[in-house]
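Undergrad: What follows is a single structure, and I will ask about it in a moment.
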Amino acid sequence: MCDETSNLELTIKYKDVEAKFSGSPEEVIRAFFSFMGKVLPTFDLASDLALAIDIGDLLENVKGLIAFTPEGPVVTVPREKLGGDKNVIMLNLIKAYIGYKTGRLEKDSVSMSEIASLTGIKSRTVAARLSELTSAGLVERVGRGEYRITTLGVKFFLDETLPKIREKIEN
């Protein structure tokens with residue numbers, strides 16, 4: 001629960017061990033994870049294996065590539081500066097992911113026809129690239145002709161695709 005000074009209080013009971021934490025949300029979360037690491041040693045290992053995306057880091061990383069407009073998120077870099085159809089498609093899927101996570105879009109998926117329309121890439125090419133990205137586990141099909149980026153896809157975008165896009169833009 002939060003009190004008027006925005007402190008968080010958390011009580012944990014595990015078997016015969018009880019711990020209470022209070023402070024800022026960040027302090028409580030750190031203390032909780034430390035406690036879990038001591039009480040459940042495998043928790044540290046499992047936490048190290050978990051793949052999660054920090055939306056704040058993602059927003060910071062795509063600054064200058066994606067912008068929020070009253071109509072919704074848009075890609076602000078010309079297609080020819082993005083370095084290939086896969087990069088263009090992934091950036092548009094990232095845009096939908098960010099739009100959804102920030103509450104600016106109602107869904108995190110994009111249809112194949114929307115991608116073709118937004119990017120100017122031929123429908124057949126979009127279908128082929130989405131198939132490749134899906135096979136790699138970077139994108140998933142969520143409905144008839146609807147696709148969204150996976151958590152692995154966001155990580156791949158940040159680690160592999162984004163540096164190539166930044167390099168292409170700078171040259």
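Undergrad: Looking at (1) under 19 Å from the mean Cα position of the chain (by Cα); (2) modelled with pLDDT under 95; (3) not basic (Lys, Arg), which is the one condition that is false for residue 143?
TA: Every listed condition holds for residue 143 apart from (1).
Undergrad: On to the next question. How many of the residues in the stretch 59-80 are open to solvent by 40 Å² or more (accessible area, probe 1.4 Å) and assigned to a loop (DSSP other than H, G, I, E, B)?
TA: Within the stretch 59-80, residues that are open to solvent by 40 Å² or more (accessible area, probe 1.4 Å) and assigned to a loop (DSSP other than H, G, I, E, B) number 5.
Undergrad: Quickly run through the stretch 112-126 and pick out the residues that are touching a Gly at 6+ places or on another chain (Cβ under 9 Å) and exposed (fewer than 15 other Cβ atoms within 10 Å of the Cβ).
TA: Within the stretch 112-126, just 113 meets the criteria.
Undergrad: Go over the candidates 56, 37, 99, 83 one by one and state the one that is open to solvent by less than 50 Å² (accessible area, probe 1.4 Å), assigned to a helix (DSSP H, G or I), more than 18 Å from residue 151 (Cα to Cα) and not hydrophobic (A, V, I, L, M, F, W, C).
TA: Unique residue meeting the criteria: 37.
Undergrad: On to the next question. Taking the criterion of being within 19 Å of residue 79 (Cβ to Cβ) and touching a strand residue (DSSP E or B) at 6+ places or on another chain (Cβ under 6 Å), would at least one residue in the stretch 162-171 satisfy it?
TA: no
This table checks each residue for (1) closer than 30 Å to residue 12 by Cα; (2) of a type in the set (Asp, Glu).
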residue: 37; (1), (2): yes, no
residue: 57; (1), (2): yes, yes
residue: 66; (1), (2): no, no
residue: 90; (1), (2): no, no
residue: 96; (1), (2): no, no
residue: 100; (1), (2): no, no
residue: 123; (1), (2): no, no
residue: 131; (1), (2): no, no
residue: 138; (1), (2): no, no
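Undergrad: Given 29, 12, which one is in a helix (DSSP H, G or I) and surrounded by 13 or more Cβ atoms within 10 Å (Cβ to Cβ)?
TA: One residue alone meets the criteria, 29.
Undergrad: Starting from the stretch 72-97, take each residue that is among the acidic types (Asp, Glu) and list its partners that are at pLDDT 95 or above and part of a loop (DSSP other than H, G, I, E, B), counting only C-beta distances under 6 angstrom and pairs at least six apart or across chains.
TA: Correct list of pairs: 85/121.
Undergrad: Taking the residues in the stretch 130-161 that are polar (S, T, N, Q) and assigned to a helix (DSSP H, G or I) as candidates, determine which candidate is most open to solvent (accessible area, probe 1.4 Å).
TA: Among them, the one singled out is 135.
The values are calculated or read from the model by the stated rules, or taken from the named source; none is laboratory data. Please read all numbers here as calculations on a predicted model, not as lab measurements. Note: ideal-geometry Cβ built from the backbone for every residue, glycine included; neighbour counts use all protein chains shown. Quick note on the areas: whole protein, heavy atoms, side chains included, nothing else; ligands and nucleic acids left out. Shrake-Rupley method; radii C 1.70, N 1.55, O 1.52, S 1.80 Å.
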